[in-house]
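K.L.:
Just passing along the structure, written as structure tokens.
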Amino acid sequence: MRLDALLAESRRTLGDAGIGEPGTDSRLLVCQLLGLDTAALIAGGDREVDAEQVKRVRAAVARRAVGEPVHRILGARAFRNLVLSLSPDTLEPRPDTEILVDLVLPHLRRMVRDGRAPRVLDLGTGTGAILLAILDEVPEATGLGVDISPGAIATAAGNAASAGLDSRASFLVSDWFSAVAPAFDVIVSNPPYIPTDDIADLSRDVRDHDPRTALDGGADGLDPYRLIARQAREHLAAGGLVAVEHGFDQREAICRLFTESGYNVAEAARDLGGRDRAILFKLQ
């Protein structure tokens with residue numbers, strides 16, 4: 001089968017299934033599964049694809065057609081400078097979360113300039129995306145990622161090893177702070193923040209494939225923030241900071257929780273869509 005015919009067939013299958021961006025998704029699947037870049041895909045349309053490769057692409061397209069996300073099918077996703085393996089126990093890291101990394105990097109680099117080797121705690125680490133991106137860009141830093149899921153911890157540890165960061169990153173099964181000893185210079189988290197009753201209304205890509213424990217933030221979506229606001233100070237070094245990602249309409253409520261627990265809002269950031277996305281706090 002010719003490459004251009006396989007691509008057209010894949011696009012048509014996804015379009016007929018109601019997938020929102022059938023052209024983009026079909027190109028991603030074909031390129032990744034056949035080891036091609038976009039230029040090779042365009043230039044090599046008359047190339048013959050062998051039967052085994054056609055079978056592999058069709059199987060992946062069939063999975064996408066029933067709602068499985070592209071990067072779940074491929075088993076990995078890029079996040080900043082890293083390519084991270086996914087598992088059923090981990091949230092799929094998304095570009096919005098890079099905003100949280102951007103928010104803390106200048107403060108970590110300031111600590112390094114001041115002669116400190118900052119320690120970072122990543123609560124609910126999942127794939128390890130936030131912690132590993134930080135360590136990749138701040139070579140002087142070390143960190144600990146914790147998650148309640150042993151499967152997530154295994155995935156994060158594997159990603160650290162693949163990225164060559166395992167000498168500076170460690171991972172621990174812990175229910176938030178329960179197994180964590182102080183003290184850290186920066187605590188980061190992208191906690192579950194979807195209100196329980198809203199989960200059923202999420203897109204099927206998220207609802208059916210991201211682990212519920214990584215989505216469900218309780219009745220109002222704020223339960224994890226209440227816990228972090230109460231307990232983080234016991235795990236912070238002097239001058240330490242807390243940075244959290246949040247839903248687009250939660251900034252005011254989260255700021256109130258943290259200020260009531262003795263923090264000041266140091267900085268806030270919006271995502272690429274202009275929506276409130278992350279907040280940095282410091283102790284008063």
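The values are calculated or read from the model by the stated rules, or taken from the named source; none is laboratory data. Here the structure is a predicted model, which means the values were calculated and not measured. Cβ coordinates were reconstructed from backbone atoms using ideal geometry, including for glycine residues, and neighbour counts include every protein chain displayed. Remember, those area values only see protein heavy atoms, side chains included, never the ligands or the DNA or RNA. Shrake-Rupley method; radii C 1.70, N 1.55, O 1.52, S 1.80 Å.
K.L.:
Could you tell me whether the stretch 46-59 includes any residue that is at negative phi and within 23 Å of the chain's Cα centre (by Cα)? Break it down stepwise before answering.
P.N.:
Initially, the stretch 46-59 is screened for residues at negative phi, giving 46-59.
Retained after the next criterion (residues that are within 23 Å of the chain's Cα centre (by Cα)): none.
No, because not a single residue in the stretch 46-59 is at negative phi and within 23 Å of the chain's Cα centre (by Cα).
K.L.:
Report, ordered by the first and then the second residue, all pairs with beta carbons closer than 6 Å, sequence separation of six or more or different chains, a first member in the stretch 112-126 that is closer than 16 Å to G240 by Cβ, and a second member that is open to solvent by 70 Å² or more (accessible area, probe 1.4 Å).
P.N.:
Note: pairs meeting the criteria are V112/E140; A117/E140.
K.L.:
Just one of (1) closer than 22 Å to V242 by Cα; (2) among the acidic types (D, E); (3) part of a loop (DSSP other than H, G, I, E, B); (4) open to solvent by less than 70 Å² (accessible area, probe 1.4 Å) trips up D136, so point out which.
P.N.:
Among (1) closer than 22 Å to V242 by Cα; (2) among the acidic types (D, E); (3) part of a loop (DSSP other than H, G, I, E, B); (4) open to solvent by less than 70 Å² (accessible area, probe 1.4 Å), the lone unmet condition for D136 is (3).
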